[in-house]
Amino acid sequence: MAYHKDADIIENVLAQNKHLVKDINLKEVTIRVRYRKRARNQLQCHPVLELSPSVHKRFLEAGKLYIDLQKVAVYDQSPLVQCAKCLGFGHTKAVCGEKTATCSYCADKTHEWEKCPRRKQNEEPKCKNCWENGIKTEANHEAFSNKCKVRQKWDEIARSRIAYC
């Protein structure tokens, strides 16, 4: 999708998916581009949209939207923010108070993921968040993994603060 303006993205989504919004008063609907994720192709982007609850529900139920000549998957993006420095939740590395970064593979503070000796030797990963929260028997995943029980708990908290009604 090679769009230059957010309004072009929204107009295209609505025009090509009229069947999903045909009986909704569009004057009462909020659709805005929160940000754009980079795609492999430099001429494309993956827009992340903020939607009114009624449109949000319909788009998720449809599972796919038509955008230009593509049928694009729709999914609910988590509002959870995870720090790439300390691996904690609720903040980014730009505002992190830690002085050193933690390896997301083995939870060691002496190196980062790129230089992790355990990862290079194909050893089992160790999640810093599970380890610190006493879930040591289920810590055999990386800190950014969706399998992480601590991440799932924080994700549930973040999602509970959004009105999906």
Among the residues of the stretch 33-72, what is the count of those that are farther than 28 Å from Val95 by Cβ, open to solvent by less than 60 Å² (accessible area, probe 1.4 Å) and assigned to a strand (DSSP E or B)? 3
Looking at the stretch 5-21, which of the residues that are of a type outside the set (A, V, I, L, M, F, W, C) and either over 17 Å from Tyr66 (Cβ atoms) or at pLDDT below 80 (or both) is surrounded by the fewest Cβ atoms within 10 Å (Cβ to Cβ)? Lys5
Look through Ser78, Ser160 and report the one residue that is touching a residue at least 24 places away in the same chain (Cβ under 8 Å), out of contact with any strand residue (DSSP E or B) (no Cβ under 7 Å at 6 or more places or on another chain) and among the small types (Gly, Ala, Ser). Ser78
Quick check on my filter: what residues within the stretch 34-70 are over 19 Å from Ala7 (Cβ atoms), in contact with a His (Cβ under 9 Å, 6 or more places away or on another chain) and modelled with pLDDT under 85? Arg38, Ala39
Residues of the stretch 76-93 being open to solvent by less than 50 Å² (accessible area, probe 1.4 Å) and of a type in the set (Ser, Thr, Tyr), in sequence order, are Ser78
Find all pairs meeting these conditions: Cβ atoms under 7 angstrom apart; at least six residues apart or on different chains; first residue within the stretch 8-22 and farther than 15 Å from Lys57 by Cβ; second residue aliphatic (A, V, I, L, M) and in a helix (DSSP H, G or I). Leu14/Val21
Mind checking which residues of the stretch 112-143 are open to solvent by 90 Å² or more (accessible area, probe 1.4 Å) and either among the aromatic types (Phe, Trp, Tyr) or touching a Leu at 6+ places or on another chain (Cβ under 6 Å) (or both)? Trp113, Trp131
In the set Ala2, Ala73, which member is modelled with pLDDT of 80 or more and aliphatic (A, V, I, L, M)? Ala73
Can you pull out every residue in the stretch 42-66 that is under 13 Å from Thr30 (Cα atoms) and among the small types (Gly, Ala, Ser)? Ser52, Ser54
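The values are calculated or read from the model by the stated rules, or taken from the named source; none is laboratory data. Because the structure is predicted, anything quoted here is derived from the model rather than measured. Cβ atoms come from the backbone with ideal geometry, glycine included; neighbour counts cover every protein chain shown. The accessibility values were calculated without ligands, DNA or RNA, using every heavy atom of the protein model including side chains. Shrake-Rupley method; radii C 1.70, N 1.55, O 1.52, S 1.80 Å.
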